[in-house]
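The values are calculated or read from the model by the stated rules, or taken from the named source; none is laboratory data. Computed from a predicted structure; not experimentally measured. Ideal geometry is used to build each Cβ from the backbone, glycine not excepted, and the neighbour counts take in all protein chains shown.
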Amino acid sequence: MPVLLYLGGCRKEPRVHKKAPTHDDSVESLGLDEVAARLAPADKVAVIEKERVHGKVLMVGDGVNDAPALAAADVGIAVGVENLAAAAEAADIVLVRDDLTKIATAIGIARRSRKIALQSIYAGIGLSLLAMGFAGAGYLPPVGGAVAPPS
C-alpha cells in the first residue's frame, strides 16, 4: 500500500505512485500520472529522489520494506496495525488504523497549525515594533528594574 505524493510544488495536480495489482487499470481508473508497483526498497528511495525535484514529497507506507523510503521522504507516514515497527521508527507520523482518510486530516491539521504559528510570530513582531516606537518617542517608560542601580 505505499503511496507517494507531493505536498506542493510545480505541478497543478499531485503525482501519485501507488502499489497496485495492475499498472494499466490503476492509471486509468484512479487518474494517476504514473504507477510504480512492487518496488524494492532501494527503488522506492530512487523514485522519491527523482520526484523531489517537483516539490516536497510525502510517502505513505505500511511495512518493513517501506522504512527506507519513509526515511528518505520529506514527510513519512506509517499506516497500519501489522508489521509497523520498522516503518514507525522511520516515519514522521504514525497512523495505527488502516484508514487513509486520516492522512488528509493530518495534513489539514498541520497546515492550520503552521498558519496559526506564523500569525502569532507576525503579531509578536508587530507588537514589539510598536512598543519600541512608543518607547523611543518617550511614551513608554523603561521598566524600573532595568534602570535600578546595582546593589
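Candidates Val81, Val96: the one that is within 21 Å of the chain's Cα centre (by Cα), surrounded by 10 or more Cβ atoms within 10 Å (Cβ to Cβ) and either closer than 30 Å to Pro41 by Cβ or basic (Lys, Arg) (or both) is Val96.
A residue that is in a helix (DSSP H, G or I), of a type in the set (Gly, Ala, Ser) and on the phi < 0 side of the Ramachandran plot occurs nowhere in region 49-65. Evaluate the following for Lys115: is it at pLDDT 85 or above, loosely packed, with under 12 Cβ neighbours inside 10 Å and either assigned to a helix (DSSP H, G or I) or of a type in the set (Lys, Arg) (or both)? Spelling it out, Lys115 is indeed at pLDDT 85 or above, loosely packed, with under 12 Cβ neighbours inside 10 Å and either assigned to a helix (DSSP H, G or I) or of a type in the set (Lys, Arg) (or both). Among the conditions (1) at pLDDT below 85; (2) on the phi < 0 side of the Ramachandran plot, the only one that Pro41 does not satisfy is (1). If you go through region 99-112 and keep only what is of a type in the set (Lys, Arg) and either surrounded by 14 or more Cβ atoms within 10 Å (Cβ to Cβ) or under 13 Å from Leu58 (Cβ atoms) (or both), you end up with Lys102, Arg111.
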